[in-house]
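Asks: The structure that follows is given in the form of structure tokens.
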Amino acid sequence: MPQKLRIYNSLTRQKEDFTPLNPPFVGLYVCGPTVYNFVHLGNVRTFLTFDTLYRYLTHLGFKVRYVRNITDVGHLVGDGDEGEDKIGKMAKLEQIEPMEIVQRYTNDFHQVLEKFNFLPPSIEPTATGHLMEQIEATEALVQKGLAYESNGSVYFDIEKYNKEGNNYGKLSGRNQEDVLNESRDLDGTDEKRNPQDFALWKRAEPEHIMQWNSPWGKGFPGWHLECTCMSTKYLGPEFDIHGGGMDLKFPHHECEVAQGVGLNGKDPVRYWMHSNMLTVNGQKMSKSLGNSFLPGELFAGDHPVLEQAYSPMTTRFFMLQSQYRSTLDFSNDALKAAEKGYKRLINGLRMAKKLVYQTSEVPLDEVKIKDIQKSIDGFYEAINDDLNTAVAIAEMFNLLKYINMLNTGQLPFAALGENVFQSLRSNFILFIEEILGLKEENPEGEQILLGMLELYKEYKANQQYDKVDQIRNCFKEQGLVIRDLKTKLDWAYSE
């Protein structure tokens, strides 16, 4: 079984063998959501990428400390260094305490991720819970001459940073002219020595409801500093993997690199990973285009773009069908195809769990044995190739073919031999549940379904075919089918 994971490092712009700093321990930090857009589908895709990575690293035997933060202060309207804190603005509009906003959205965030079957992180720190660390880091950067105070705010000095032999822009690939032009567009402030400098601490106006005391007066932390402080606290000044969406590469992650180097004299992260964006029918997902929808709307089918409802596991499977660095396009046709594919795999999962090896006098089928092993190896090779879940799923469907053949009696168990059968069965279950994180979305009242199957069996034996048809129709209305085989009777999801 291939064990060497290769991942695309955004910093070096190439795939590299993953070698942790202190094996078997792995430090994984993922930029969590800001409160105002906790359940955005773009975030869901990002968290799916790193949920899969977390699962796979754990499967390989690594001891992973997975840190995913929550931004509950410091993210300003417009994403620059000017304006009002977004949580504070929402609290003013609703006339409630900001932490009520934070708690409400945090609860919603956890509920949505639970529906997608995401594993919880090892640690989920918040920006407001680490204000002292952010103030101390800002003081340290001022003392090093890499930051300066201006009118009660503190800014990181990019020109000074570059003069010390560093390169602000090396992660995102932006040169200084690009950085300067984008900074002018974003900021428009005269407090800075240079427009590209970014805020470590911001002075708060009297009406600003989220503010704290600091050596520079009352204010609040800049957006970028929280991740540097929290990742350093829980993973050390240098750790293995930092992840997030492609939209965070600049300026957020670029600023993290600068802060980490400025504070500790070395790059804070060995492997930077970024998931790509979502589109809808080929267009960027945005409120202005009317094609942006939340997970709840997706689950209910309650949006003009959606032709029907799509379940959390259908959506998870759909996202896994694309490699995380590629653009993923939402469309009803693609989601409907994913729904069928998900049901096929879950039907196979239900079968696999019930299969029991049966001996018989038949020769081993070496061709099928080699094909099964090839697909098992192929699954690992795909995941090891920068989490290529799309190729891995293709291998799963080849294994599903043999699960179906065993279930229907087309393939005798003994033609594989007990060892190969057990490998097929256990790996099929492991790949679906533990690595891909898919699970069966059980219909309500499964015990009732089993009772109806007993009635079906009785009516069929008594040749009461009108009642047999009634039960079949009842299952059909629930999106299920009855599988009436010679050797067994069971139900399955309609594909």
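Asks: Identify, by number, the condition in (1) touching a Phe, Trp or Tyr at 6+ places or on another chain (Cβ under 8 Å); (2) part of a helix (DSSP H, G or I) that Val420 doesn't meet.
Replies: Here Val420 clears every test but (1).
Asks: Would you check which residues across segment 206-230 are modelled with pLDDT of 95 or more, buried (at least 19 other Cβ atoms within 10 Å of the Cβ) and farther than 16 Å from Leu141 by Cβ and list them?
Replies: The one that is modelled with pLDDT of 95 or more, buried (at least 19 other Cβ atoms within 10 Å of the Cβ) and farther than 16 Å from Leu141 by Cβ: Met230.
Asks: I'd like to check something: does segment 357-379 contain any residue that is under 33 Å from the mean Cα position of the chain (by Cα), under 24 Å from Phe118 (Cβ atoms) and not assigned by TED's automatic domain parsing to the domain that holds Val44?
Replies: To start, the set of residues in segment 357-379 that are under 33 Å from the mean Cα position of the chain (by Cα) comprises 371-379.
Imposing the further condition that a residue be under 24 Å from Phe118 (Cβ atoms) reduces the set to 379.
Filter once more, keeping what is not assigned by TED's automatic domain parsing to the domain that holds Val44: 379.
Yes, segment 357-379 contains a residue that is under 33 Å from the mean Cα position of the chain (by Cα), under 24 Å from Phe118 (Cβ atoms) and not assigned by TED's automatic domain parsing to the domain that holds Val44.
Asks: Residues that are part of a loop (DSSP other than H, G, I, E, B), surrounded by fewer than 20 Cβ atoms within 10 Å (Cβ to Cβ), touching a residue at least 12 places away in the same chain (Cβ under 8 Å) and of a type outside the set (A, V, I, L, M): does segment 394-402 have at least one? Walk me through it before giving the result.
Replies: Just the residues of segment 394-402 that are part of a loop (DSSP other than H, G, I, E, B), to begin with: none.
Within segment 394-402, not a single residue is part of a loop (DSSP other than H, G, I, E, B), surrounded by fewer than 20 Cβ atoms within 10 Å (Cβ to Cβ), touching a residue at least 12 places away in the same chain (Cβ under 8 Å) and of a type outside the set (A, V, I, L, M).
Asks: Name the residues in segment 393-412 that are within 13 Å of Asp377 (Cα to Cα) and among the β-branched types (Val, Ile, Thr), would you? Full working, then the answer.
Replies: Filtering segment 393-412 for residues within 13 Å of Asp377 (Cα to Cα) gives 393-396, 398-399.
If the condition is that a residue be within 13 Å of Asp377 (Cα to Cα) and among the β-branched types (Val, Ile, Thr), then Ile393 is the only one that fits.
Asks: Next up: Counting only residues that are in contact with a Phe, Trp or Tyr (Cβ under 7 Å, 6 or more places away or on another chain) and within 20 Å of Lys233 (Cβ to Cβ), give me the helices (runs of 4 or more DSSP H) lying completely in segment 64-153 with at least 1 of them.
Replies: On the way: elements: 86-94, 98-115, 131-143.
Counting at least 1 such residues, we get 131-143.
Asks: May I pose another question? Under the condition of being in contact with a His (Cβ under 7 Å, 6 or more places away or on another chain) and within 19 Å of Thr314 (Cβ to Cβ), which residue from segment 254-298 is modelled with the highest pLDDT?
Replies: Glu297
Asks: Just to be sure I understand the filter: pairs with C-beta atoms under 9 Å, separated by 6 or more residues or on different chains, first member in segment 8-23 and more than 16 Å from Leu53 (Cβ to Cβ), second member modelled with pLDDT under 95 and part of a loop (DSSP other than H, G, I, E, B). Which pairs pass?
Replies: Going by the 9 Å Cβ cut-off, the qualifying pairs are Arg13/Gly173.
Asks: Can you confirm whether segment 470-479 contains a residue that is over 22 Å from Gly409 (Cα atoms), outside any helix (DSSP H, G or I), free of Cβ contacts under 8 Å to residues at least 40 places away in the same chain and touching a Ser or Thr at 6+ places or on another chain (Cβ under 8 Å)?
Replies: Applying the first criterion (over 22 Å from Gly409 (Cα atoms)) to segment 470-479 yields 470-479.
Then keep just the ones that are outside any helix (DSSP H, G or I); that gives 478-479.
From what is left, the residues that are free of Cβ contacts under 8 Å to residues at least 40 places away in the same chain are 478-479.
From the residues that got through so far, the ones that are touching a Ser or Thr at 6+ places or on another chain (Cβ under 8 Å) too are 479.
The answer is yes, given that some residue of segment 470-479 is over 22 Å from Gly409 (Cα atoms), outside any helix (DSSP H, G or I), free of Cβ contacts under 8 Å to residues at least 40 places away in the same chain and touching a Ser or Thr at 6+ places or on another chain (Cβ under 8 Å).
Asks: Please find, within segment 232-259, the residue that is farthest from Thr279 (Cα to Cα) out of those that are part of a helix (DSSP H, G or I) and in contact with a helix residue (DSSP H, G or I) (Cβ under 7 Å, 6 or more places away or on another chain).
Replies: Step one: of segment 232-259, the residues part of a helix (DSSP H, G or I) are 232-235, 246-259.
Still in the list and also in contact with a helix residue (DSSP H, G or I) (Cβ under 7 Å, 6 or more places away or on another chain): 233, 256, 258-259.
Values: Lys233: 36, Glu256: 27, Ala258: 31, Gln259: 32 Å.
Taking the candidates together, the pick is Lys233.
The values are calculated or read from the model by the stated rules, or taken from the named source; none is laboratory data. Model, not experiment: these values are computed from the prediction. We place every Cβ from the backbone using ideal geometry, glycine too, and count neighbours over all the protein chains shown.
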